[in-house]
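Here the structure comes first, spelled out in structure tokens, and everything after it is commentary.
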Amino acid sequence: MRNKYIESFEQAQLESKSVPEFRAGDTLRVAVNIKEGEKSRVQNFEGVCIALRGQGTGRTMMIRRIGANSVGVERIFPVFSDSIESITVLRRGRVRRAKLFYLRALKGKKARIKELRRK
């Protein structure tokens with residue numbers, strides 16, 4: 001049982017930010033504000049969502065992409081963070097489980113996820 005004041009505060013936080021509907025297996029582009037000294041810029045991180053965790057304002061997503069020299073890069077983003085400018089769903093993936101940690105062991109074409117076909 002959670003405190004009603006904390007719940008009302010979290011509800012206000014959730015309503016202020018618009019986040020698209022996505023699941024594990026979807027390819028996302030996350031625009032992140034990066035601060036370097038006094039300057040700030042937006043950097044995109046594009047990859048497959050391999051896990052969603054938590055609830056409410058504590059919800060996080062784990063994004064995996066293949067970087068330079070075929071090195072896998074994973075980042076964990078809080079979904080409702082102020083440093084995230086936008087989340088864009090590029091592709092819907094057809095997967096049968098909620099956590100896709102098995103992708104870490106796969107390379108190349110075996111690591112591809114089929115696209116979800118809508119009728």
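We did not get these values from a lab; they are worked out from the coordinates using the rules stated. All of these numbers come straight from a predicted model, not from anything done at the bench. Here the Cβ positions follow ideal geometry from the backbone for every residue, glycine too, while neighbour counts run over all protein chains shown.
If you place +1 on the Cβ of every Lys and Arg, -1 on the Cβ of every Asp and Glu, and leave all else neutral, what size is the dipole of the range 4-103 about its Cα centre, to the nearest 20 Debye?
580 debye
Using alpha carbons only, how many degrees (0 to 90, rounded to 10) separate the axis of helix 4-16 from the longest principal axis of the chain?
It is inclined by approximately 60 degrees.
Residue by residue through the range 30-39, what is 3J(HN,Hα) from phi via Karplus (6.51 cos²θ - 1.76 cosθ + 1.60, θ = phi - 60°)? Round to whole Hz and write x for glycine and proline.
Here the 3J(HN,Hα) series is 10, 8, 10, 6, 10, 9, 10, x, 8, 7 Hz.
Classify the chain from the C-alpha gyration tensor, please: rounded if a/c falls under 1.5, else prolate or oblate depending on whether a/b exceeds b/c.
Working: a/c = 2.05, a/b = 1.35, b/c = 1.52.
In terms of gyration-tensor shape, oblate.
Using only the Cα atoms of the range 1-67, build the gyration tensor, take square roots of its eigenvalues as a ≥ b ≥ c, and label the shape rounded, prolate or oblate: rounded if a/c is under 1.5, else prolate if a/b is larger than b/c, else oblate. Intermediate results must be reported in sequence, preceding the final value.
Numbers: a/c = 2.59, a/b = 1.36, b/c = 1.89.
In terms of gyration-tensor shape, oblate.
Would you look at the GNM of the chain, springs on alpha carbons closer than 10 Å, and say which of Arg64, Arg23, Arg53 moves the most?
Judging by the Gaussian network model, the answer is Arg53.
Can you give the FRET efficiency to the nearest 0.05 for Glu21 and Asn69, using r as the Cβ-Cβ distance and R₀ = 30 Å? The partial results should precede the final answer.
Values: r = 34 Å, r/R0 = 1.13.
For Glu21 and Asn69, the calculated efficiency is 0.30.
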